[in-house]
Every structure is written in structure tokens, then in C-alpha cells.
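Single-structure report; data block below.
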Amino acid sequence: MADATSASIPPAGSPAAPETAETHVFHDTPGNLAPGAALLFAGVMAFSMGMTDVFFAEAIAWTFAAWGALLIYAGVVDAYETYTVTEDALLINNPVRFWDSSKTWHWGNIHRMDIVVKRPEAKPSDVEMQVYFTPTGELNIEREDRRYDPVLAQLIIDRAVLKPADKGNPQNLHNLPKGKATYIWNR
């Protein structure tokens with residue numbers, strides 16, 4: 001589950017953050033870096049063990065190394081991403097992402113949020129939030145996906161003034177119903 005830090009309501013066992021009372025900062029937890037490290041290690045070891053005499057074996061070793069590096073980078077990008085909820089906007093920052101390292105999404109332009117429960121008897125890591133944003137005067141829709149955080153979800157719903165699209169949407173976001181489902185809030 002993601003970690004939320006706020007000046008007005010600090011998490012149990014942690015000191016109060018130095019932000020103002022109207023600012024909430026949410027950090028995402030990194031995914032598993034082991035598959036990426038294993039692929040990178042396997043690709044590098046194939047070269048050092050002399051297993052790349054044949055072109056096909058060398059191509060596979062390069063593929064393993066490249067995919068391993070990409071998976072590690074994706075995990076690092078997830079680990080450094082922060083969502084800051086302010087009075088005016090949702091700020092999405094990621095210092096290690098080369099494209100759009102900082103985004104400012106004003107509440108009036110956030111038009112939808114989905115909570116996707118991917119499997120029955122889901123653990124917190126099996127639930128995903130999808131936040132949709134349309135810049136003023138543009139037709140393109142941007143979407144940010146992240147692991148589910150009930151506090152962040154409630155703040156986005158409240159600040160962007162989103163309403164449940166279905167009567168079956170949960171009222172208490174801390175206790176999602178069991179089972180595979182998609183819950184939608186929109187304008």
C-alpha cells in the first residue's frame with residue numbers, strides 16, 4: 001500500500017511533515033526489482049562466460065540485458081513518483097522520469113477516476129487507481145496509473161468534485177468489496 005504523509009494527519013508512528021495543513025504528499029512503493037536484476041545478470045553473465053559465440057546466443061544475451069535494465073528503470077520510476085494534493089491542483093513529480101517529470105493537474109480538469117480491482121480476494125497490490133485529466137482547450141486525455149491508496153482516492157474525489165457513476169460504488173474506500181470490479185467516479 002502506498003505511504004501517505006500529511007501535515008494535518010500524520011501516519012501513525014511518523015513525525016509530522018513540514019508541509020502546510022492543506023498539502024498532502026503520497027509516495028508510491030516500488031515494485032519488485034528482482035526480475036529485472038535477474039535478467040540483467042543473466043545477460044551480462046552470458047558474455048562473461050563465453051556463451052555468445054553464436055549470433056543468436058549473443059542476440060538473446062543483449063535482449064536479456066536490455067529488458068533487465070528497462071525493468072529496473074521502471075521500478076525506480078515507480079519508487080520516486082510522488083503525488084502532492086494541494087488546494088489548487090494535483091502535482092505529480094518524478095525526478096527520474098525523462099518525459100513529463102513534473103505535472104500540474106488542476107482540479108477542474110480532472111474528470112474521472114477509476115478504481116480497478118484486478119482479481120477476487122485482492123490484496124492491496126492488486127488494486128489500481130487510474131486518474132484521467134483533460135487540459136483546458138485540448139481534446140487529448142491524459143491518464144496516470146498508480147497503486148491504490150484510499151486516502152489519496154478520497155482526496156481526489158472530494159477536490160475534483162467527482163460523483164459515483166454507479167450506485168454500487170463503495171462509500172468507504174478503506175474497505176473495498178471483495179471481487180473483481182471497476183468502480184468509476186466522474187463529473
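The values are calculated or read from the model by the stated rules, or taken from the named source; none is laboratory data. All figures in this text were calculated on a predicted structure; none of them were measured in a lab. Backbone-built Cβ (ideal geometry, glycine too); neighbour counts: all protein chains shown. These area figures cover heavy atoms from the full protein model, side chains too; ligands, DNA and RNA do not enter into them. Shrake-Rupley method; radii C 1.70, N 1.55, O 1.52, S 1.80 Å.
A few remarks follow.
Rundown of residues vs (1) in a helix (DSSP H, G or I); (2) in contact (Cβ under 8 Å) with a residue 24 or more places away in the chain; (3) open to solvent by 40 Å² or more (accessible area, probe 1.4 Å), yes/no style:
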position: PRO135; (1), (2), (3): no, yes, no
position: LEU155; (1), (2), (3): yes, yes, no
position: LEU173; (1), (2), (3): no, yes, no
position: GLY179; (1), (2), (3): no, yes, no
position: THR182; (1), (2), (3): no, yes, yes
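- Any chance ALA66 is within 22 Å of SER125 (Cα to Cα), out of contact with any Lys or Arg (no Cβ under 9 Å at 6 or more places or on another chain) and either of a type in the set (A, V, I, L, M) or surrounded by 13 or more Cβ atoms within 10 Å (Cβ to Cβ) (or both): no
- All positions within segment 87-99 that are surrounded by fewer than 17 Cβ atoms within 10 Å (Cβ to Cβ) and either more than 15 Å from the chain's Cα centre (by Cα) or not in a loop (DSSP other than H, G, I, E, B) (or both): GLU87, ASP88, LEU91, ASN93, PHE98, TRP99
- Residue within segment 51-68 that is among the charged types (D, E, K, R) and under 29 Å from THR134 (Cα atoms) present: no
- Residue within segment 106-120 that is buried (at least 17 other Cβ atoms within 10 Å of the Cβ) and in contact with a Gly (Cβ under 8 Å, 6 or more places away or on another chain) present: yes
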